[in-house]
Amino acid sequence: MRKGDRLKEKIIQKEQIGKWLEKLGKDYEIWAPVKRNGLVLFHPISSAKEVYFNFLNSKKTPKDLFFPQSEVLFSFPKEEIEKEVETILQKPRIVFAIRPCDARSLALLDQVFDSEDYQDPYYIERREGTLLVGLACTHPQQSCFCTSVGGGPFAKAHLDLLMADLGDGKYFVEALTERGEGLLEKNDSLQEPQKKDREKLAKIKEEAEEKVKSKLVTKGLEKKLDKIFDSSLWDRVHQRCLGCGICTYLCPTCHCFALLDEKDKARVERIRNWDSCMFPEFTVEASGHNPRISNRERMRQRVMHKFNYFVERYGETACVGCGRCIQSCPVNMDIREIIEEIRNE
Amino acid sequence: MNDLYHPRSVAIRKTVVENEARDIKTFELVFLDQEEREKFKFSCGQFAMLSVAGAGESPIGIASSPLDDEYLQFTVKRYPTGVVTTALHSLEEGSEIGVRGPYGNFYPLKAMEDKNIVIVGGGFAFTTLRSTIRYLLHDKNRSRFRDITVLYGARSPGELIYKSELKQWEERDDVNMYVTVDKGEEDWKGRVGLVPNILSEVAPSSENSIALVCGPPIMLKYTMPPLLDLGFSPERIITSLERRMSCGIGKCGRCNIGSKYICKDGPVFTYKELRELPEAAI
C-alpha cells in the first residue's frame, strides 16, 4: 500500500473474511451475530465460522455491549473502587455486522450518557473502545421502518465501516472513519471495486430501501403530540398492553435504569440495572405516591418520550425503526399503528 | 470522572428527632475528608443523594445553609416502604454513610435581592426552605433582602419541625413568622388553619415580592390560587418538586416530566414553568 493511498471503498471476497477477522482478533475482541438455539444474538467470536451472516437482525440489540442490562458499578468497601472503572474493557472491541439502525441508536444514547454536564464513564469507555463494522440490510423485514425515522438499510451514519453483501461472493466495503480505515488495512487481499460492483451496490441498495414497506409520516408528529396529551386516544391505545416492558428492554434507544445495592456477607455491590417506564414501580415514591398511576399514563410516557420529549431535548426522535418492539410484543401492539392513530386524532 | 456515581464518605455527627411521630429526623453530616466539604459547593434548594451501603440511595433536599460550612444537614422522613429512609433512621451517631451531589438547580437568591420574600412551607417539605431562611437571615445577608415573611404549617403541633429554630425566628423583629397547624391541641396557643387559608388572611403584599413555596402536592395545589389572587404573577412564584430519582443527573429517565428532568432542570421551577409542563406536576 502506498503512503497516502486512501482506503475508501474496497471489495472483499467472502472467503477472505475469515482471515481478516482472524487478524483483527489479535488486537480486538470481536462481537458478531451468532445463531444459537434458534436465537441470533451478538456474542464474542473466535472464528468467522461462528458469524451468522444471513441474520435479519439480532433478537436483542447490541446496546448491552455499551450499557449492560446489569452491571456492578462499584463495591463497598471502597478500596476496591478504583481498579474497577479502569478495567471496563480488557481489549478494544469490534462489533461486526451491526445493523445501521442499531448503530444510529448508539448516537442517540451518546446524547444521554455523554452529555455536556455529566459524562458516564462506564458507557463512554466502552463506546470509545469499540469500533462499529456495519452490515447493510439487504433483506429488511416487514416490521422495519428505519426510513421513516431518518435511517435506512444502507445508512452509513455512526459506523466505522459499512459492508454490503453484493450477493456474488463479494462484499463491498466502505471505510467511513480513520479507525475504519485502520481495520481495512489489516486486510491484504482487498480489491478495487469495478464499475459493475458499484452498479450492483446501487441496485441492491435501492431494492433494500424499497423493501422497507412501512411508511410512517413522522413530520409534525412532535407538534401533534403537544396537543393531544389529554386526549381520550390514550384511554384506547393502552388497553391491550400488559405492561410487560419487553418493548423497552428490546428497544435500542431505551436507556432508563435503576441503581440499587446487593449485598452478601463480605461486601456490598452497587448495581445498575435496566429499568422500564412501563413498570408501575418505576415512579412509585417512598410515600407510596405514584405520579403515573395506570398503564394509560405509562404508555403515554413511552410514546411521548420517544417522539416528543427526546426530540425537544436532543433534536432527534428516540426511535430508529428497528421494529423489535413490534416483533416481540406478546399482544401484537404496533408502534406504527399508534403513531397512525395519533396522526388521525 | 471515575466518580460520577461514587458517594463521598460522611459521618453522622448528630441526629435530631424532629416530630412526635418520631419518623422525621435531621442528620448532621461531616465529611471524613475536609477537602470534600470544600468541593461540595451548593446553593439553597439543591439536593444530594444519600447513600447507605446495602440499602441504596435516595434524593434528599439539603436542609442546612451554604454558610453552615462545617457540616451538612438533611431532614429525612422514614416510610415503612422506604428502604433507604428506614436504613438511615436505624443508624446511630458516628455511623458512616455516603453523599453524592449536590444536584439540581436552586432558588433564585440573586433575583431575590432587594425584594420582599414570602416563604410558604408545609410539613416536612420545609427542608430546603429552612436552608433558604437560614441563609437569608444570616448577618452577612439579611440587609440585602427586604421584608421576609415565613408561613409554615403542619398537621399538628407535634409535627412541626425545626421547633427551636422556629422559636428563634419568631423572636426576631426582622422576619414575620406565621406558624400554623391544621388541627390544634389543648396546649397549642398558636394559629390553627390550613396554610392556603392563613396565607389569604395574612395577605402579604405581592409588590416587589417573590414567593417560595414548598410542601406536599395538595398544599401546593391549593396555595397557588391565593397567591395569584394576592397578585403574585406565575413567574414570581417559585416551587420545588419531588419525584422518584435514581441517578440525580438526568440519565436514568425516572424523574422525567415532559422534556424536563426534575433532577437536572429542577427541582426548582416557577409556577409559570410548571403550568407549561404536559404532565401535571403538582
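Taken together, the values in this text are just the output of simple stated rules run on the coordinates, not laboratory data. Keep in mind the model is a prediction, meaning the values are calculated, not measured. When we count neighbours, we look across all protein chains shown, and the Cβ atoms used for this are built from the backbone with ideal geometry, even at glycine.
Ignoring lysines fewer than eight residues from A:Lys263 along the same chain, the ones with Cα atoms less than 25 angstrom from its Cα are A:Lys78, A:Lys83, B:Lys77, B:Lys251. Averaged over peptide B:254-262, the number of partner chain Cβ atoms lying within 10 Å of each residue's Cβ comes to 5. Think of the protein assembly as shown as having a plus end and a minus end, set by charges on the Cβ of Lys, Arg, Asp and Glu; of A:Gly220, A:Phe55, B:Val76, A:Phe55 sits farthest toward the positive end of this dipole.
Annotation for the range A:57-146: GluC sites (Glu not before Pro) lying in DSSP loop with at most 16 further Cβ atoms inside 10 Å of their Cβ are A:Glu116. In terms of its C-alpha gyration tensor, the protein assembly as shown comes out prolate, because a/c is 1.5 or above and the ratio a/b outweighs b/c.
The value of relative contact order for chain B, using C-alpha pairs under 8 Å at least six residues apart, is 18 percent. Each Lys and Arg adds +1 at its Cβ and each Asp and Glu adds -1 at its Cβ; summed about the Cα centre, the range A:221-344 shows a dipole of about 100 debye. Think of it this way: in chain B, B:Cys44, B:Cys214, B:Cys255, B:Cys263 stand alone, with no other Cys Cβ under 4.7 Å.
Database remark: amide H of B:Ile119 closer than 5 angstrom to the amide H of B:Thr149, B:Val150, B:Leu151, B:Leu212 (H placed geometrically; neighbours at sequence offset of 5 or more, or on other chains; Pro and chain starts carry no H). Remark: the protein assembly as shown carries a charge dipole of roughly 2160 debye about the Cα centre, counting +1 on each Lys and Arg Cβ and -1 on each Asp and Glu Cβ.
When Cβ neighbours within 10 Å are restricted to other protein chains, what is their mean count per residue of peptide A:285-293?
Partner Cβ neighbours, averaged per residue: 6.
Each stretch of four or more DSSP H residues adds -39500 (n - 2.57); spread over every residue of chain A, this sum gives -9000 deg cm²/dmol at 222 nm.
Can you bin the range B:116-240 into rounded, prolate or oblate? Criterion: square roots of the alpha carbon gyration tensor eigenvalues sorted a ≥ b ≥ c, rounded for a/c under 1.5, prolate for a/b above b/c, oblate for the rest. If you can, show how the numbers build up before the last one.
On the way: a/c = 1.63, a/b = 1.11, b/c = 1.46.
Taking the square roots of the gyration eigenvalues as a ≥ b ≥ c, the range B:116-240 is oblate.
Could you pull out the trypsin sites (Lys or Arg not before Pro) across the range B:8-52 that fall in loop regions by DSSP (anything but H, G, I, E, B) with no more than 16 other Cβ atoms inside 10 Å? Answer in residue order: B:Arg22, B:Lys41.
The long axis of helix A:295-304 is offset from the longest Cα principal axis of chain A by roughly 40 degrees. Only aspartates and glutamates eight or more places from A:Lys196 in sequence, or on another chain, were considered; those with a Cα closer than 17 Å are A:Glu9, A:Asp165, A:Asp168, A:Glu174, A:Glu206, A:Glu207.
Proximity of backbone amide H atoms, modeled 1.01 Å from N, is registered between B:Ile257 and B:Ile262 at under 5 Å, excluding neighbours fewer than 5 places apart on the same chain.
To the nearest 10 degrees, how steep is helix B:127-137 against the longest Cα principal axis of chain B, on a 0 to 90 scale? Tilt of helix B:127-137: around 70 degrees. Mean partner shielding of peptide B:243-251, defined as the number of other chain Cβ atoms within 10 Å of each residue Cβ, is 6.
Could you tell me which of the pairs A:Lys91/B:Lys41; B:Lys189/B:Lys221; A:Lys91/A:Lys195 are separated by over 31 angstrom between their Cα atoms in the structure shown?
A:Lys91/B:Lys41; A:Lys91/A:Lys195, as the Cα separations exceed 31 Å there.
In percent, rounded to a whole number, the relative contact order of chain A is 21, using alpha-carbon pairs under 8 Å and six or more apart. Test of the criteria: in the range B:60-167, which chymotrypsin sites (Phe, Trp or Tyr not before Pro) are in a DSSP loop and have at most 13 other Cβ atoms within 10 angstrom of their Cβ? Passing both the DSSP loop test and the Cβ count: no residue.
For the protein assembly as shown, the residue among A:Phe154, B:Gly45, B:Trp169 whose Cα projects farthest onto the positive side of the dipole built from Cβ charges is A:Phe154.
Each principal axis of the range B:8-102 carries a Cα extent, and these read 34, 26, 21 Å when sorted largest first. Go through A:Lys156/A:Lys186; A:Lys186/A:Lys213; A:Lys205/B:Lys260 and tell me which ones have a Cα-Cα distance over 28 Å in this structure. From A:Lys156/A:Lys186; A:Lys186/A:Lys213; A:Lys205/B:Lys260, over 28 Å: A:Lys186/A:Lys213; A:Lys205/B:Lys260.
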